[in-house]
Amino acid sequence: MENTTLEPTKSEPGPKVIGLTGGIGSGKSTVANIIEKMGYPVYYSDARAKEIVNEDLFLKEKIIEIFGSEAYDEKGLYNRKFISGIVFNDKNLLERLNETIHPAVKFDFKNWTAKQASDMVFKETALLFELKLHKKCDKTVLVTADDNLRIKRVMDRDNKTYREVEAVMDNQMAEKDKIKKADCTIYNNGSIEELETKTRAVIAELITTFKKEDKADNA
């Protein structure tokens with residue numbers, strides 16, 4: 001298994017929360033699907049955020065304050081294309097957007113977690129380290145792959161050019177920095193079968209680590 005040494009966890013009531021992240025083209029979503037197949041609940045932060053910006057009226061007002069009335073279309077739906085075009089070249093506005101949406105997602109995740117029966121849940125998000133969300137997790141798992149392979153995957157999947165994908169990657173935290181922060185790192189440079197084997201190995205290591213920590217706490 002390819003992972004860093006797991007540090008002791010600060011135990012809190014409720015299930016253990018595992019942060020799951022990975023840059024564009026890393027295979028993060030595939031790993032999330034494997035984890036769900038293993039029976040563990042996965043909260044898809046980025047997907048939920050896309051829903052919450054349309055559901056939460058207070059959040060809508062805050063976004064309109066920042067970006068103006070064009071932030072939502074004539075049907076009252078979040079104008080993703082408009083806002084993406086603005087924040088792509090303005091990191092300050094991107095930070096403001098994330099800081100505005102994050103509390104709503106955090107609240108939604110808390111409610112979701114309370115409904116789960118599992119002793120371990122996964123929080124999937126692209127900005128785990130950028131938004132310092134890892135500090136609220138018991139452990140973190142990073143999915144990564146070689147840059148050229150990630151670019152090729154996105155080009156094939158989204159019909160984008162090399163430069164377009166590269167520009168998106170340039171706006172994300174460097175992989176070497178994420179690897180330093182992550183408790184476990186899954187290198188997805190091979191087949192889906194290899195990825196599943198590595199994912200299962202990481203889950204097994206997490207379970208073992210939590211059992212040891214719980215035993216030490218109760219000693």
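A few notes on this one:
- Meets criteria (modelled with pLDDT of 95 or more, part of a helix (DSSP H, G or I) and loosely packed, with under 15 Cβ neighbours inside 10 Å) for GLU164: no
- With respect to the conditions (1) among the hydroxyl-bearing types (Ser, Thr, Tyr); (2) surrounded by 15 or more Cβ atoms within 10 Å (Cβ to Cβ); (3) farther than 25 Å from GLU36 by Cβ, THR199 falls short on a single one, namely (3).
- Residues that are closer than 14 Å to ALA126 by Cα and in a loop (DSSP other than H, G, I, E, B) were ranked within the stretch 167-190; the one that is modelled with the lowest pLDDT is ASN171.
- Test: residue in the stretch 194-214 that is in the same structural domain as VAL141 (by TED's automatic domain parsing), among the small types (Gly, Ala, Ser) and within 12 Å of GLY27 (Cα to Cα): no
- Count - residues of the stretch 17-38 that are under 14 Å from ARG150 (Cα atoms) and not aliphatic (A, V, I, L, M): 8
- Qualifying positions in the stretch 92-119 - surrounded by fewer than 15 Cβ atoms within 10 Å (Cβ to Cβ), free of Cβ contacts under 8 Å to residues at least 60 places away in the same chain and over 14 Å from VAL53 (Cα atoms): ASN92, GLU95, LYS110, ASN111, LYS115, ALA117
- Pairs, first at positive phi in the stretch 156-171, second surrounded by fewer than 12 Cβ atoms within 10 Å (Cβ to Cβ) and not small (Gly, Ala, Ser), C-beta under 7 Å, six or more apart: none
- Against the conditions (1) closer than 19 Å to LEU127 by Cβ; (2) touching a residue at least 24 places away in the same chain (Cβ under 8 Å), ASN89 satisfies every one except (2).
- Members of the stretch 45-61 found to be under 21 Å from MET120 (Cβ atoms) and surrounded by fewer than 18 Cβ atoms within 10 Å (Cβ to Cβ), listed by number: ASP46, ALA47
- Cβ-Cβ under 8 Å pairs, at least 6 apart or on other chains, the stretch 53-82 side under 16 Å from LEU93 (Cα atoms), far side at pLDDT 95 or above and loosely packed, with under 12 Cβ neighbours inside 10 Å: ASN79/GLU70; PHE82/GLU70
- Qualifying residue in the stretch 64-76 (condition: of a type outside the set (Asp, Glu) and within 24 Å of TYR43 (Cα to Cα)): no
- Of the criteria (1) part of a strand (DSSP E or B); (2) touching a Lys or Arg at 6+ places or on another chain (Cβ under 9 Å), which one PHE122 fails: (2)
The values are calculated or read from the model by the stated rules, or taken from the named source; none is laboratory data. Small disclaimer: the values here were computed from a predicted structure and weren't measured. Counting neighbours? That spans all protein chains shown, and the Cβs are built from the backbone with ideal geometry, glycine included.
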